[in-house]
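K.L.:
Below you will find the structure I want to go over with you.
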Amino acid sequence: MNSLARIEDKLRQCSKGQRRIANYILHHYDKAAFMTAHKLGETVGVSESTVVRFATSLGYNGYPDMQESLQDLIRNRLTSVQRMEVGSTRFSEQDVARQVLQNDIDMIRQTAELLDSSAFNAAIDAILGAKRLYIVAMRSSAALAQFLGHYLNLIFDSVFVLNAGQSNALFEQCMRIGEHDVVLGISYPRYSRSTLQTMRYAKSKGATVIAITDGLQSPPAAIAHHTLVARGDMNSFVDSLVAPLSVINALLVTLGIRRNQEFVDNFEQLERIWAENATYE
């Protein structure tokens, strides 16, 4: 049962103060999910301790547990306008830069704690054994795909970053995917339908599918053979993708170490080409 369903189920048994909390969350879940217990209590006119007791009465370990459940539930529902409204409640106008940086630091810390070494190593082995590598990511996640593809092309021969600008031709780009290939999908709320469709198609063709996403309960994780969880968040209308970028860095460094000699040979050749063509100042 999700958070909102729990609250609706509990509503008739709530005290007067708890009913205020419940009704506010049900009608303003997009804002409530990012409020502290103190702020939520202040907004509805009850004490912080009443808010905490309300969370435990729903079966959560505490208010942070309920808040996280609400956030996971709604991230994929929020429109850009709602994100802007949430951002205005999360960040005060003073020192926004430090608040955003601290939020990104928290995302990386949580990712480090959640990283599954066995899934990470399985993803590395799959990539190293692949005949062809495909990377699919749309919308804001497309920047991560371009970054990953840029460096994978320095290590491997057959790397394809599926073109988000040609969504109608997406399946034409991956029509040759087979059982010896690896497809790496990167997707965050609101999860791109095109990315998920491509991952499903690749799986149906026998390819190994790797997901980089925000949780094991996410739509990409339900499709993938191996899931690398990297926490994502939203800073107002902007997707915070520093944690998945760090996981991508870890993948690239590990692959570089495992393919060290090929990596060195490729870079020696590239350095000659760059020098001959005055690529850098």
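K.L.:
Could you list all residues from the range 1-28 that are of a type in the set (S, T, N, Q), in a helix (DSSP H, G or I) and at pLDDT below 85?
P.N.:
From the range 1-28, those of a type in the set (S, T, N, Q) are 2-3, 13, 15, 18, 23; that's our starting set.
Cutting the leftovers down to in a helix (DSSP H, G or I) gives us 3, 13, 18, 23.
3, 13 - these are the residues of the range 1-28 that are of a type in the set (S, T, N, Q), in a helix (DSSP H, G or I) and at pLDDT below 85.
K.L.:
A follow-up question, please. Working only within the range 241-281, note down all residues that are farther than 25 Å from residue 102 by Cβ and among the hydroxyl-bearing types (Ser, Thr, Tyr). Steps first, please.
P.N.:
Let us first name the residues in the range 241-281 that are farther than 25 Å from residue 102 by Cβ, namely 251-281.
Scanning the range 241-281 gives 254, 279, 280.
K.L.:
Looking at the structure I just gave you, is residue 41 touching a Ser or Thr at 6+ places or on another chain (Cβ under 7 Å) and more than 17 Å from residue 64 (Cβ to Cβ)?
P.N.:
Details: touching a Ser or Thr at 6+ places or on another chain (Cβ under 7 Å): yes; more than 17 Å from residue 64 (Cβ to Cβ): no.
The answer is no for residue 41.
K.L.:
Take the residues in the range 79-111 that are more than 21 Å from the chain's Cα centre (by Cα) and open to solvent by 80 Å² or more (accessible area, probe 1.4 Å), then tell me which one is modelled with the lowest pLDDT.
P.N.:
Ranking the qualifying residues of the range 79-111, first place goes to 88.
K.L.:
Out of all the residues in the range 29-53, which are crowded, with 16+ Cβ neighbours inside 10 Å, in contact with a helix residue (DSSP H, G or I) (Cβ under 7 Å, 6 or more places away or on another chain), outside any loop (DSSP other than H, G, I, E, B) and not small (Gly, Ala, Ser)?
P.N.:
Across the range 29-53, the qualifying residues are 29, 30, 31, 40, 43, 44, 50, 51, 52.
K.L.:
A further question on this structure: Could you please give the count of residues in the range 226-281 that are of a type in the set (S, T, N, Q) and part of a strand (DSSP E or B)?
P.N.:
The first filter runs over the range 226-281 and keeps only residues of a type in the set (S, T, N, Q), leaving 227, 235-236, 240, 246, 249, 254, 260-261, 266, 269, 277, 279.
Those still in the list that are part of a strand (DSSP E or B) too: 227, 235, 240.
Number satisfying all stated conditions: 3.
K.L.:
When only residues in the range 117-159 that are under 22 Å from residue 221 (Cβ atoms) and among the polar types (S, T, N, Q) count, which is least open to solvent (accessible area, probe 1.4 Å)?
P.N.:
Residue satisfying both the conditions and the ranking: 141.
K.L.:
Here's another thing I want to ask about it. Go through the range 28-52 residue by residue and tally those that are within 17 Å of residue 72 (Cα to Cα) and of a type in the set (Val, Ile, Thr).
P.N.:
So the answer is 1.
K.L.:
Only one residue in 216, 245 is open to solvent by 20 Å² or more (accessible area, probe 1.4 Å), under 30 Å from residue 35 (Cβ atoms) and touching a residue at least 40 places away in the same chain (Cβ under 8 Å). Which one? First the steps, then the outcome.
P.N.:
Values: 216 fails: touching a residue at least 40 places away in the same chain (Cβ under 8 Å).
Of the residues listed, the single one that is open to solvent by 20 Å² or more (accessible area, probe 1.4 Å), under 30 Å from residue 35 (Cβ atoms) and touching a residue at least 40 places away in the same chain (Cβ under 8 Å) is 245.
The values are calculated or read from the model by the stated rules, or taken from the named source; none is laboratory data. A quick note: this is a predicted structure, and the numbers were derived from the prediction, not measured. Methodologically, a virtual Cβ is constructed for each residue, glycine included, from the backbone with ideal geometry; neighbour enumeration extends over all protein chains shown. To get the accessible areas, we keep the full protein, side chains included, count just its heavy atoms, and leave off ligands, DNA and RNA. Shrake-Rupley method; radii C 1.70, N 1.55, O 1.52, S 1.80 Å.
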